[in-house]
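A.B. asks: Got a structure here, written out as structure tokens. Questions coming.
Since every read-out is calculated from the coordinates, none of them should be taken as a lab result. Predicted model only: the values in this text are computed from it and were never measured. Note that each Cβ is placed from the backbone with ideal geometry, even for glycine, and that neighbours are counted across all protein chains shown.
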Amino acid sequence: MRVLITGASGFIGSHIAASLMAAGHKVRAAARGVEAARKRAPGFDWVGCDFRRDRVEDWQPRLEGVDAVINCVGVLQDGLGDDSRKAHVDGPAALFEACETASVRRVLHISAVGVTEAAGSDYARDKLAGEAALKARDLDWLILRPSLVIARNVYGGTALVRSLCGLPFVTPVVGGEQVFRPIGMDDLCAAVEDLLRPEAPSRQSFDLAGPERVSLAETVRGYRRWLGFGESRILAIPRWLARPAFMIGDLLGWLGVRTSMRSNALKQLDFDVEGDPSEWRAATGAKPRGFHDWLAANPAGLQDRWHARLGFARPLARWMLGLYWLMTGVLALTIAKDHAYSVLAEGGFSEAARPPVLWLGSLFDIALGTAMLAKWRVRWVAAIMILGTFGYIAALSLTLPQLWADALGPILKVFPMMALALMIAATEDER
């Protein structure tokens, strides 16, 4: 069977694509960042797609020879480059209409648990409208609503949970009493493969969830034991105290920084993240593993512990590095201007050359610091920081070599900064 998977570079979509190919299906993978995705998975037949702009006619050539479609596109909230309405309603509606026109009848749509008007979130509203667009079509559709999906490769909510586990001494959680039914990614992929069959149920909605009910606090404890971090004191954060942090997450989203700490996530978390898998299990005979059984069958490795500990440490390091560069430029142009001029004079720069040298150097620092804070081409910015620092060291070595022996270490102290920039560049990957 040839299957078109939209959102094939995402968390769920990439696993489903790999699973179906391993099962012998031919996968046509559709994604926005298709060039980067092709490098990671060159075995798929990649095609570019963008739900923000694609129309019905754009899908026609992509659907040629396709037997079934699986839509895995989703965003948590509006932000820079993300439009919830287009991702969940307008874009899927165009795809579903194209499927009907091209007689591609089998369509599986990955939604989420808790998608009702009562949830009160824009995410649930748009997801529900997207489901309605599919139900209105003359297709053999199936809507799948996973609960918390767990895998070795994590993104979004599960990545946030692991990052919380990486904090020492105490683990803060919002509430902690919310109940999940985690489902392993392998069980989710097996369910999708099973439900692709022509004789499988159709025109139904299934919650895909595991058999074990675990609270958010229990999930954190389970992950900490799995990672080898031991027990931790769970600190339940009141909603009113956590809300400002989620509002900051909304702001970061508009700056292009994706985080799971968004207003929609808080609303969905408090409404329903559990789901009821009874209809799915009765219709298919599926027997997914529980949360603790999945952890026991997938022992954590070194990379899992690194990822958990870097979850909050790495963003903090990036912010500190950006602020360091930004503030050196600002200070040199303000309260430290006279001292900067005296250093330039000591280094042999003429009086006429000092202002342009100071301004060029300071604006260079400010530009790099701002770019790092804004998460704009982080890897390139970090590389320029390292090269610029080598230039700084070379210039001072030629003009003021005595600074190598200075007690305050104005030259020696920049080497740890370069190491930090190298670490940030080496770990700059969202998926």
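A.B. asks: Got a sec? Which of Ala374, Ala345, Ala367 is of a type in the set (A, V, I, L, M) and either under 21 Å from Leu316 (Cβ atoms) or loosely packed, with under 12 Cβ neighbours inside 10 Å (or both)? Walk me through how you get there before you give the answer.
C.D. replies: Numbers: Ala345 fails: either under 21 Å from Leu316 (Cβ atoms) or loosely packed, with under 12 Cβ neighbours inside 10 Å (or both); Ala367 fails: either under 21 Å from Leu316 (Cβ atoms) or loosely packed, with under 12 Cβ neighbours inside 10 Å (or both).
On inspection, the qualifying residue turns out to be Ala374.
A.B. asks: Still on this structure, I have one more. Just the residues that are assigned to a loop (DSSP other than H, G, I, E, B) and either of a type in the set (Phe, Trp, Tyr) or crowded, with 21+ Cβ neighbours inside 10 Å (or both), please, taken from segment 198-238. Reasoning before the result, please.
C.D. replies: Step one: filter segment 198-238 for residues assigned to a loop (DSSP other than H, G, I, E, B), giving 198-203, 209-213, 228-232, 238.
Once the filter is applied, which keeps residues that are assigned to a loop (DSSP other than H, G, I, E, B) and either of a type in the set (Phe, Trp, Tyr) or crowded, with 21+ Cβ neighbours inside 10 Å (or both), segment 198-238 yields Ala209, Gly210, Phe229.
Quick grid of which residues meet (1) under 22 Å from the mean Cα position of the chain (by Cα); (2) within 21 Å of Asp429 (Cα to Cα); (3) hydroxyl-bearing (Ser, Thr, Tyr):
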| position | (1), (2), (3) |
| --- | --- |
| Ala36 | yes, yes, no |
| Pro42 | yes, yes, no |
| Trp46 | yes, yes, no |
| Cys49 | yes, no, no |
| Asp54 | no, no, no |
| Trp59 | no, no, no |
| Ala68 | no, no, no |
| Val73 | yes, yes, no |
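A.B. asks: Also, quick follow-up: Just one of Leu403, Leu408 is over 39 Å from the mean Cα position of the chain (by Cα) and buried (at least 16 other Cβ atoms within 10 Å of the Cβ); which is it? Don't jump to the end; show me each part of the working.
C.D. replies: Working: Leu408 fails: buried (at least 16 other Cβ atoms within 10 Å of the Cβ).
Only one candidate passes the filter, namely Leu403.
A.B. asks: Does segment 379-401 contain at least one residue that is of a type in the set (Lys, Arg) and within 19 Å of Gly329 (Cα to Cα)?
C.D. replies: Step one: of segment 379-401, the residues of a type in the set (Lys, Arg) are 379.
Cutting the leftovers down to within 19 Å of Gly329 (Cα to Cα) gives us none.
Taking every residue of segment 379-401 in turn, none turns out to be of a type in the set (Lys, Arg) and within 19 Å of Gly329 (Cα to Cα).
Residues are listed down the side, and each one gets a yes or a no for (1) of a type outside the set (S, T, N, Q); (2) part of a helix (DSSP H, G or I); (3) over 23 Å from Asp54 (Cβ atoms):
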position	(1), (2), (3)
Asp90	yes, yes, no
Glu97	yes, yes, no
Val113	yes, no, yes
Asp126	yes, yes, no
Trp141	yes, no, no
Leu160	yes, yes, yes
Pro168	yes, no, yes
Pro172	yes, no, yes
Glu193	yes, yes, yes
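A.B. asks: Still on this structure, please answer the following. Taking the residues in segment 228-251 that are among the hydrophobic types (A, V, I, L, M, F, W, C) and under 21 Å from the mean Cα position of the chain (by Cα) as candidates, determine which candidate is nearest to Ala374 (Cα to Cα). Break it down stepwise before answering.
C.D. replies: We begin by selecting, within segment 228-251, every residue among the hydrophobic types (A, V, I, L, M, F, W, C); these are 229, 234-237, 240-242, 245-248, 251.
Now narrow it down to the ones that are under 21 Å from the mean Cα position of the chain (by Cα): 242, 245-248, 251.
Working: Ala242: 23, Ala245: 18, Phe246: 18, Met247: 17, Ile248: 14, Leu251: 12 Å.
So the residue we want is Leu251.
A.B. asks: Does Gly114 count as at positive phi, under 22 Å from the mean Cα position of the chain (by Cα) and of a type outside the set (Val, Ile, Thr)?
C.D. replies: Working: at positive phi: yes; under 22 Å from the mean Cα position of the chain (by Cα): yes; of a type outside the set (Val, Ile, Thr): yes.
Yes: the conditions hold for Gly114.
A.B. asks: State yes or no: is Arg152 touching a Cys at 6+ places or on another chain (Cβ under 9 Å) and assigned to a loop (DSSP other than H, G, I, E, B)? Lay out the reasoning, then the answer.
C.D. replies: Details: touching a Cys at 6+ places or on another chain (Cβ under 9 Å): no; assigned to a loop (DSSP other than H, G, I, E, B): yes.
Answer is no for this residue.
A.B. asks: How about segment 99-111: which of its residues are in contact with a strand residue (DSSP E or B) (Cβ under 8 Å, 6 or more places away or on another chain) and either under 20 Å from Pro277 (Cα atoms) or outside any loop (DSSP other than H, G, I, E, B) (or both)?
C.D. replies: Here is the first cut: in segment 99-111, the ones in contact with a strand residue (DSSP E or B) (Cβ under 8 Å, 6 or more places away or on another chain) are 99, 104-111.
Selection gives Cys99, Arg106, Val107, Leu108, His109, Ile110, Ser111.
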